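First up is the structure itself, then whatever we jot down about it.
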Amino acid sequence: MTIKLAMISPDSLPVPAVKGGAIQLGIQQIIDENEKLNMLDLTIYSIFDEEALAASEKYQNTRFHFIKSTNRSFTIKRINNVLNYLNIRHRFDVNPGYTKSLCEQLSQNRFDTIIIKNMVRFVEPISKITTDPIWLQLHNDNLNNCILRCKPIYRACRKVLVNSHYLKKRVLTIENARSEDVLVHKNCTDIHSFKKEQHSNEIKELKNKYKIHDDDIVILYSGRTVPEKGIKELIMAVKKLPENLKFKLLIVGSKGFGKKVTNIYLYKLKKIAGSISHKIIFTGFVQYHDLPKIHAISDMAVVPSIWEEPAGRVITEAMASGLPVIVSGSGGMEDYINKESTIIVRRGKAFVDNLSSEIKRLMEDKRLRERMGKAGQEFVKRFDSYIYYEQLIEFLKRQKGVF
């Protein structure tokens, strides 16, 4: 029996995931698996984008509804820009016209299930225009007992999907939330694309581009350049490394997924780099299809988050590339690691010193790097896109009473 599913992407980036974005990439992998297995009658609701529209035309088993972002008022734009500039998180609806258009389109169709991806503010408006079961799939800590109107939002959802046990615990802080209605659906990774051998012919060219010498140990950070990701602490840690160690620190990513936004934090990072600025390379935004090449020239990956990281896609991408990984172990990270492939450096007063020591240990021990890398490649198989798709199908069948 085919399940009729609507999946609603956040209104920040489009699907197909032509501009990246962790949530959009997860949707993309569901779409790609459905092209092969066709177990879903799948409809995607996404913000309009010319490139995404063109990319959508190749899919046979998915319908796409693209919604154009309406012109926001000058006041809303101004407030949003100021909050982003100051790195202040907010949850008010900065695009009410988009929400209205989305609801209008949804009201014209019926589905077995509607999955809202991470957009808590969509739940109540959508629940008012349909009786179809709504599932909220969380990728961030957006629904807990501290969130305004958390109870009615939770009650409007038939199920809540989360990508780590940490997020499940957070949702269960809501009064009368039931464990059986909060399902853990861990992130997936395109394991094949991240295999290092796929990109062996491009390593020399990429090293030349970033002025990386053959005897440099390459330390990789991949993610957004925002304070909670711990990049400042990582730079402080590598500044403590002995001067005789040859390395390059690759900081891959931007604040706004390729959008031109002012990032005062990035200026601070470059200032902190100071005397070792020649050893630190800020690549800026890199398209997702080019990320495996960056991993291919790296020797280790560091995920130094100083907030409660909800999950760990960058961890599994590094493992798929055969890289040993150092993490802070915060939030939901521990759902994505094992002791054979990952070193945990706990946050605290000695975080920077301990992080520096573990980086140094990996730099000086090639055999350890190789052993951890191989263990990671084996461990990451459980996060394959196919397993992610199959688990979603299983969850949906249970709701319909089909086993």
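We did not get these values from a lab; they are worked out from the coordinates using the rules stated. It should be emphasised that the depicted structure is a prediction, and the values quoted were computed from it without experimental measurement. Neighbour counts are summed over all protein chains in view; Cβ atoms, including those assigned to glycine, are modelled from backbone coordinates with ideal geometry.
Remarks
- Under 14 Å from K68, Cα to Cα: aspartates and glutamates that are on another chain or at least 8 residues apart: D11, D49, E50, E51, E104
- Simple spin-label estimate for S275 and Q399 in nanometres, 7 Å along Cα-Cβ: 5.8
- Cβ-based charge dipole, the chain, positive-most Cα from S385, I326, N208: I326
- Of the trypsin sites (Lys or Arg not before Pro) found in region 293-343, those that fall in a DSSP loop while having at most 12 other beta-carbon atoms within 10 Å are K339.
- Global form of region 196-383, assessed from the alpha-carbon gyration tensor, a/c cut-off 1.5: rounded
- Within the listed set N263, N34, N176, the Gaussian network model of the chain (springs between alpha-carbon atoms below 10 Å) gives the highest mean-square fluctuation for N176.
- The GluC sites (Glu not before Pro) found in region 175-281 that occupy coil by DSSP, while having at most 16 further C-beta atoms within 10 Å, are E175, E243.
- Where GluC sites (Glu not before Pro) fall in DSSP loop in region 37-72, at most 16 other Cβ within 10 Å: E57
- Note on the chain: with charges restricted to the Cβ of Lys and Arg (+1) and Asp and Glu (-1), its dipole about the Cα centre is near 1180 debye.
- Only DSSP H runs of four or more residues enter the estimate; each adds -39500 (n - 2.57), and after division by the residues of the chain the mean residue ellipticity at 222 nm equals -11000 deg cm²/dmol.
- Bridging of K151 to lysines at a Cα separation below 20 Å is possible for K117, K128, K159, K168, K169, once same-chain residues fewer than 8 apart are set aside.
- Reachable aspartates and glutamates from K271, criterion Cα separation under 17 angstrom, eight or more residues apart if same chain: E233
- Using the average count of surrounding beta-carbon atoms within 10 Å as a protection proxy, the listed peptides 155-161, 316-322 rank, highest first, as 316-322, 155-161.
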